[in-house]
């Protein structure tokens, strides 16, 4: 991996997370995933890999005693620190490629969060194997990714807009995704890395693209965020809780 090139790539796409493009319906879906995945009782320590605009960091800092955040973007990390300067947790930020940070890690964490991050990595299984060694014995990994089998992707395929449900969309490319996950691929990579899957769940139902939801009311979007029970295999997002 060309580290300089990868850092430059991260810096280029980091602006997307601070823009209006990823607000609205996109943000409401991400909040739904966040609130379904982070344990309400919190925990001792958390490691967040990739922070985006900080939607997850805020809740992690409310529910955990200590939180470490790793990202390759100075801008995103500075925003996270500013937004959480009065939080209850001991918050530390680390500007580094995740691959480099976990190679040099000297501590372990109770919980590690890889949310909307696996799709960005060059080699997810290699990284997952290293992360497994960073978990405490009673620790858990929490992961979330967009679902290739989401209703809106299946409909796009049937309309001929895309040639495969795993084809990267323009929005995927904009935010630096390298793949789109099926449940089978996500499960395969987690198990291959040596984890034991505790729980799998789909979150939200996305009938059309985010661009097509621009005029939808928050109430309508939130209703779809809560409607994954209507088509569990075709939920908008996939989440996994796994143990080492």
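By the beta-carbon count within 10 Å of each Cβ, the least crowded to most crowded order of 134, 51, fewest first, is 134, 51.
Exposure proxy shown here: for 109, 56, 216, the number of other Cβ atoms within 10 Å sets the order, fewest to most, as 216, 109, 56. Helix 183-192 and the longest principal axis of the C-alpha atoms of the chain enclose an angle of approximately 20°.
DSSP finds beta bridges in the chain, and of those with both partners inside it, around 35 percent are antiparallel. For 221, 154, 106, 80, what's the fewest-to-most ordering of other Cβ within 10 Å of each Cβ? By the 10 Å Cβ count, ascending: 106, 154, 221, 80. Here is how the number arises for the chain: DSSP H runs of 4 or more residues each give -39500 (n - 2.57), the sum is divided by the residue count, and the result at 222 nm is -11000 deg cm²/dmol. For the range 3-243, the mean projected area of the C-alpha convex hull, equal to one quarter of the hull surface, is 12.5 nm². Over the range 53-174, the hull volume per residue, using the convex hull of the C-alpha atoms, is 128 Å³. With all projection directions averaged, the alpha carbon convex hull of the range 61-102 covers 2.8 nm².
An ellipsoid equivalent to the range 128-197, defined through the eigenvalues of its Cα gyration tensor, has semi-axes of 30, 12, 9 Å when rounded to whole angstrom and sorted largest first. Per residue, the average separation of C-alpha pairs within less than 8 Å and at least 6 apart gives the chain a relative contact order of 21 percent. In the range 114-244, the alpha-carbon atoms span a convex hull of 114 Å³ per residue. If you average the C-alpha positions of the range 124-145 and of the range 176-206 separately, how far apart do those two centres end up, in angstrom? Computed from Cα coordinates, the inter-centre distance equals 13 Å.
Just so you know, all these numbers are worked out from the coordinates, no wet-lab data involved. It should be emphasised that the depicted structure is a prediction, and the values quoted were computed from it without experimental measurement. Cβ: placed from backbone, ideal geometry, glycine included. Neighbour counts: every protein chain shown.
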